[in-house]
Every structure is written in C-alpha cells, then in structure tokens.
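Heads up, the thing below is written out as structure tokens.
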Amino acid sequence: MIERDEVIAPRFSSYLTTEGISAKLPRRTYKPRNETEVAARREFERRQARVQRLLRTKYGVRTFGFHLIPDAVWDAVPEFVIDHLPVRNLQQVRSYVRDDNVRGAVMRHVLDHLPTYGDVLLIAHSLGSIVAIDLLDRLPVDLHVRRFITIGSPGNIRTMHDGSQRLLKKFPYERVDDWSNIVNVRDVVTGGRGLANTFPGAQDFLLVIHGHDAGSYLGDVAVSGLVADALYPPEEVTVPPGAEIAVRMSEAEASALLLQHFAEAVARHIKDDDRAERYRAACKILRDELAAQLGHQATAGQLFAPAMQALIAGRLPGLPHRWELHEVVGDLVVMALTNCVTPYEIDPGDAPIAALEDIAEQLGFRRHIGTTVANAIVDVATCVTGKDRVRWGRVLTASTGLALLTAGPVGLAFAASAGAFGAAAISGRLAASGPDSLVAGLATLGGWPRRVRPPPRRASQADRNPIRARTWRS
C-alpha cells in the first residue's frame, strides 16, 4: 500500500499554456566516469534481464521487438498530428518540444518538487515521459532512481527531438537501476512503437489495453506488479524444510554447473578486454536465469543438492569430481563446440579451446587431457576446411567411444538438446538426436587454426598413453 504523502505528482500544465515564460534549462549533473561506466552498464543490463524475467514468468508480458506502424508512415504522421489534430493535449507537447524557455520552466518546476537525495520510483506518462527522460541526467547528484517506468510515451516521434541538444546524450547507468517502457498497441499517441530504438536504456514491453490515460496503464496487473516489485523487493529464496537432506546432483544439474564453470574459463581466455567483459556480463545474466528457475522449483518443494542451493543463492560452487575419463572427454568436445552464452552472440575466438585445459584440471584430471581433446578438435577443423589431411588414427583414438566423428569428412556428430535449465546440455549422456538439437559448429571450426601445445613435463607411461591406461566405454 502506498500512502498519499509518499507520492509526488507535480503539475506543470500551466507552464505549457502561459505566454512569455523565460527560464534556463537546468544544468546536467550526470558526468559518466570512464572507469566505472562500463561496469555500471553491465549491472544495468543484468537488472533489465531480471525485469524481463519477472514480467514474462509472472504476468505473461513479452518484450517488444517490432513496430506495428511502418517507419515511412510513422515519420510523416506525427508532425501532422501534433500540428492539427486535437488528440488530447498534443498542442502542449508541441509547446514543450519547440520552446526551450517552456522546457526550462517545466523541468525546473519538477526538480523543485523532487527530493535531493535517497531513492525514488519514477513513473512518467505521455508528455511526462518526455520530461522525465530529459531530467534523467539533470537530477540531484544524490538522488537514485530505483525503477523508471514510462507509459503511453510518444518519445519515438522524431518531432519530439527537434534540435540537436534535446536527446539524452549519455544514459546514466549509475543513477537508474532499470527502465521499462510499456507499449499499448491501441494507443494512438505511442503509435504502437517502443523507445528502445531511440534510447539505449529503454526496454519495451507489449500490452493490449484500451485507452491512453494513465489509469488504464497503471490498472494493468503487470504495471502494478512492476511498482510493487520495486517498492517491496522479494526476499531471497529460502530453501523449504527438508532441503537440508543430502541430495545428490542429477546428471542434468551437474551438466548445468559444468557449463557455468566452462563459460567462466572461456571468459578468462578471451584476449580482448571489452569482449571478455561483455562475455562475463552475459554469463551473469544467464546464471541469474538459471538461479531463478531453480528457485521457483525449490519454492514448489523440489529438493536440491547443496551445490544447486548455492546457485540459487547467487554463488558458483566448485565442480564435483564425479566424471569418468571418457565422460570428461565427451563433455569437453561438446562444450568446445557450444556457444555457452546463447542467445548472446559474442565471438570468443580461440578461448573455448584454450579453456579445455582449465576445466580438465577443475574436474580432477591432468591438464594434458584438455590439450589432447583440443588437438583432436583442431585436426577435425583442418579436415573440414580442407587445409590438411586429418590424422584419423589419432582423432579416433582420442575420442574412442564418443562418436566425435562419423563417416565422411563432415562428421561432428555430437548433439546437445535444450535441457530443463534453459541451456544446452553438455553431456553426450544427455544428448538427444534430432534436427533441432544438433550442434552445428561447422561454421566456426575455421576459427581454431593453431594447435594447442601442452607444457613440458615429466610423464609416466600411463600419462603418455592415457587411452590405453583406462578402459573406455564405447
């Protein structure tokens, strides 16, 4: 329940109809810091993913990735609408957009009503959304926006941004936790179009409701749910009674945990710092998704192993030493050919191959196991790209019982189906054949031209030929 005295709703319509107003625009207070802006943006994207997950799973609201009205039509219509049609108060919109004195007066009036420090939930409707966007980088330095919600916004209209100084120059990722723009396809003011193409911080969500008024938007359960979630954040998922029983991880859970560790290892081996940072950010978002799914299942009474409980709590536990050697080789091959951050497309270069040694060691084996698998994959890549003859004996020996190769030169036969955790299953034991589950991998094989060399070391006879030292299951 929100008390009336906790709501600030400054009225500024009088400034839009008064002639001869003179006021300067308030100064910009947000100055991005290079050393913190990238990290702030990554955390912002992570929070945006959480909002998307909340609206999708709890309220069935989907993100909005298309425009109902074509660009050519929408670019021509708004100028005529604003100038001639009596659609609500679009005449006031024109006054705000085209007169900097009016803009300055409105913005200063709103700032005078806002607190100078603390957290606020900022909800902006129609023209108010334009004012709020203009104010994001002009708010008091110590005022933090816990959630920004725009409803019925005409901010996608190009006419709204006449003048090069009107658009928000730098989105204040360190000042705003998340931004959800609610699009009603029946609202003529929005044109059924979102803000994400105009403002990089906005995330559009689609609703089908009647009317443009604020009451219609705020009355929808999804919008009110967003407000409640910001005002009363959910408590951390608590493990239900009985969960302290020692439950062994299932194969699917172990594979999901292995994928998380492999993704972290890949990020460590990406040479480009910016790309590595983006890869890590994608890993965090996907781990949050996994934790949320596990949390829902735990709330419903499902028992999880301690490692899965750690994931629910936001920690990445260590890998158990439960894999047999033939299982490890199979998993390493599939992981090396899998995009661990699907649906994000971030080219890791040679990092997946380089990460194989790390994962082999984390699983309790010597690093040269990862090197052996890496070299086998390189041999197959060389064969597929036609640059050299593959040494079939070595490849088949290194992958006995794993069906790494089938008949013919294009023979990557591993399959990985989408599992219960929203990520590709990593184990040949869990793989399911079929046209929708086959790991393609062939398009990226040419990206691994170099051979992985293991470091010099003294090896026992068994180490020199690990294949013969163990009996592998075929």
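Taking θ = phi - 60°, what integer Hz values does the Karplus form 6.51 cos²θ - 1.76 cosθ + 1.60 yield along region 173-189, in sequence order, with x for Gly and Pro?
With the stated coefficients, region 173-189 comes to 4, 7, 10, 10, 6, 7, 9, 10, 9, 9, 10, 9, 5, 9, 8, 5, 5 Hz.
Amide H neighbours of Ile123 under 5 Å, at least 5 residues apart or on other chains, H built in the peptide plane: list them.
Close amide H contacts, sequence-distant or interchain: Ile149.
Setting aside same-chain residues fewer than 8 positions from Lys169, which lysines have a Cα under 20 Å from its Cα?
In chain and number order, the partners are Lys24, Lys31.
Have a look at region 17-63 and give its Rg and Dmax from the Cα atoms, expressed in angstrom.
Rg and Dmax of region 17-63, Cα atoms, are 19.1, 51 Å.
How much of the calculated P(r) for region 245-300 lies past 17 Å, in percent of all Cα pairs? Show your work: numbers first, answer last.
Details: 732 of 1540 pairs.
Result for the distance tail: 48 percent.
Once amide H atoms are placed 1.01 Å from N in the peptide plane, what residues at a sequence separation of 5 or more from Ala196, or on another chain, have their amide H within under 5 Å of its amide H?
So Ala196 has HN proximity to Asp204.
Rule-based calculations on the coordinates, nothing more; no lab input. Keep in mind that what you see is a predicted model, and the values were worked out from it rather than measured.
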